[in-house]
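**Q** Please see the structure below; I have some questions.
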């Protein structure tokens, strides 16, 4: 039995959801695990039954519209660095108390620093090594952020025993823009394939899922909202607007992506809305198309289910923009800016996705992805093999 400390970046659910899948595997193998994360993510992990230390969130800044703001991020840099220092301080204490054999950090640099200070073997899971800015960002700020993210991050990541990338190798790398730019990717990084949540299917299907399975007249569209809370509200409004306008053409099921939200669906014009959808696995597996943000874990899930996707990146969030453009380049789906998302453009995109070429291409890339066992590879690295 070994003791494994898991640190999940606390903005959005992607990092925590894939680590929780790994934690279940570790626990079933007889290992002991503990987590650290922030805010609603830490609360969600505790609700799953895991011990989780709460850390102050260190993240980029978003404006009132939910768009990433490089200028605000730069402005709040002293505050961000102070929080980072506090994260390190707390993690040193957390690690000393838990006394792990190995640490797995999913994009948490502070945990890497703390683990080096206390002398614990560290493995890092990363799909972003470089922070780039949108074209609207002032050039000086954009250049500084990009260079600083590579230099600052590299100073920590390269001190880990292993750097694992939960993605496919070229030419299928979804996160290529955030890994390859400016020589960001470490020569020691290893591609291990997609790591996605192992969501349990509900023991009993609710009436909405039963109706969804029986639907034959309309294409079924699963609309999955995710990301930091400040980015979810505007996207949900857009989703409800589109579902209402296209109610005669599609059956929509939407999830607001709020951990701890209402798990029973409510009827809305055009379909149904969950606050938090525990049956997401079933909806993704059976939908005709999915609409969502362009987070890496979400895209990984769609590829492994061979589902065409309409991706709407968080505005000015270039990690998601890069992911969405690569999905479009691979022929797996379409990318659409949030400002352009309206009933007409959504209808055009969904009609396009219904053509067989996207599903065919998705099947081809799924076969590539199924050749990797990310879970098994990570388990082996944690065991020192």
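Since every read-out is calculated from the coordinates, none of them should be taken as a lab result. In this text the structure is predicted, and so the values were computed from the model without any measurement. With ideal geometry, Cβ positions are generated from the backbone for all residues, glycine too; neighbour counts draw on all protein chains shown.
**Q** Could you give the spread of the C-alpha atoms of the range 218-283 along their three principal axes, from largest to smallest, in whole angstroms?
**A** Largest first, the range 218-283 extends 31, 25, 17 Å along its Cα principal axes.
**Q** Related question: Over all directions, what mean area does the Cα convex hull of the range 207-369 project, stated in square nanometres?
**A** So the mean shadow area of the Cα hull is 8.6 nm².
**Q** What is the fewest-to-most order of 223, 44 by other Cβ atoms lying within 10 Å of their Cβ?
**A** Taking fewest neighbouring Cβ atoms as first place, the list is 44, 223.
**Q** Got a sec? How would 336, 104 order by Cβ neighbour count within 10 Å, fewest to most?
**A** The most exposed by this proxy come first: 336, 104.
**Q** Separate question: As a footprinting exposure proxy, order 172, 358 by other Cβ within 10 Å, with the fewest listed first.
**A** 172, 358
**Q** For the range 85-128, state what percent of all Cα-Cα pairs lands in each successive 5 Å bin, counting from 0 Å until the bin that includes the largest distance.
**A** Taking all Cα pairs of the range 85-128, the binned fractions are 6, 27, 35, 22, 8, 2 percent.
**Q** Return the distance in nm (one decimal) between the two label points of a simple spin-label model at residue 217 and residue 368, each offset 7 Å from Cα along Cα→Cβ.
**A** 4.0
**Q** Related question: For residue 117 and residue 59, calculate 0.36 nm times their separation in residues minus their Cα-Cα distance, and state this gained length in nm to one decimal.
**A** Length difference between fully extended and current span is 18.6 nm.
**Q** If R0 is 22 Å, what FRET efficiency do you get for residue 383 and residue 28 from their C-beta distance, rounded to 0.05?
**A** That pair, residue 383 with residue 28, gives E of 0.95.
**Q** Multiplying the sequence separation of residue 329 and residue 2 by 0.36 nm and subtracting their Cα-Cα distance, what value in nm do you get?
**A** Roughly 113.5 nm would be gained on extension.
**Q** I would also like to ask the following. Bin all alpha-carbon pair distances of the range 297-363 at 10 Å intervals from 0 and give each bin's fraction as a whole percent.
**A** Spelled out per bin, shortest first, that is 23, 54, 23, 0.
**Q** Expected output is a single nm value to one decimal: the length gained when fully extending between residue 77 and residue 233, i.e. 0.36 nm times separation in residues minus the C-alpha distance. What is it?
**A** Using 0.36 nm per residue and subtracting the Cα-Cα distance, I get 53.6 nm.
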